[in-house]
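What follows is a set of notes on a single structure, which appears directly below.
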Amino acid sequence: MRCRAGSKARKGMLLIVGLPGICRRSSAFLIPRLWKCQVLAASTTTDPAFAIAPTSSAFSSSIKHREELLTLVTMPEDVREGREESIAQRIDFVVGQLKEKYVPPQTLPFMNLLLQGSWLNIYNSWTVRRKVAEARSLLAEDEREEEDEDNFLDLLGPAEEEDWAAGAAAAALGGPAPMAATQMVLSDFQQILIPNVTKGCIINTVKWECTASEEGDTGLAGALVVRSSYEVNSRGLLEMGEVEHDMSMNRAPRNPDALIRAVQRVVPFDAFDPNGTFVETAFLDHELRVTLTHSTRFGAITSLYVRNGTDLQRQIQQHLLQEVQ
């Protein structure tokens, strides 16, 4: 993948150009010029495990899609703002292209060898869906409130001086301020895979912090641990089974029910309740794992994981740390 100033792009924008013929069939993907396009280096070019690639062209194509995928999920926050939906659509497109070229392990022991270990989640499409849905809901609510206020004022007719004075007096008395909903942020999402031939266990650990609460739980922090068993079916998918939840926190919450609901809202649904889902591996190498979680409850969810302790994981962690600073 390369970046250049597109002749048809708007002023102050960059056009990301991927593989020839692919980006032309899709809509142009624009990002502001203020962001210097830096592609995270893919260290798989020297990995002998990639010798299973059928052709050199397919191998080269997979590397390019891999690089573009990592670039998309590590965009700075100011670049992603307002473009989350279009970025997610592009990620799904690239994942589809990567899946077409992917050659899965031909034996179950080799697949287990690649799957096992500790992984850091760096992208989950369910989180993007939730942010987009919340933004649209707030926008629609604001528009309804403005419309209702305009209609109400039209019914009242022109305001007299006495009305303004009465309104000012009522405002001075004041009423109960609207209570802020309990809000959460996720600081870390780790996944451990423990395979055992055709069965195994997946442990999701999500660290969270309460940033706003109507019950006084602001500053409360903890971790949610979700354990789920799985079986490998005839199609090579991980069929998720029973789920167990464990919650730990730095102090007792004042409203446990509100806290649990807030955690459930912010944790990706496929991590909070994977029971009955089917996890498909769209791409897998020694550093990166791309999965598609299928369910009748929420459709398909795209997730990206990097193996802990690898150069790629350290590079992404450093990138995220610099963004926070």
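Only the coordinates and a few stated rules stand behind these numbers; no lab work does. Fair warning: this is a prediction, and the values are worked out from it, not measured in the lab.
Name the long-range amide H neighbours of L220: under 5 Å, sequence gap of 5 or more, or other chain; modelled H, no Pro or chain starts.
Those lying under 5 Å, H to H, from L220 are C210.
Given the convex hull over the Cα atoms of segment 184-325, what projected area results after averaging over all orientations, in nm²?
The Cα convex hull of segment 184-325, projected and averaged over all directions, gives 9.9 nm².
Tell me, rounded to the nearest percent, the portion of alpha carbon pairs in segment 249-325 spaced more than 15 Å apart.
Percent of Cα pairs beyond 15 Å in segment 249-325: 70.
Mind computing the radius of gyration and Dmax over the alpha-carbon atoms of segment 219-270? Å is fine for both.
Cα radius of gyration and Dmax of segment 219-270 are 14.8, 47 Å respectively.
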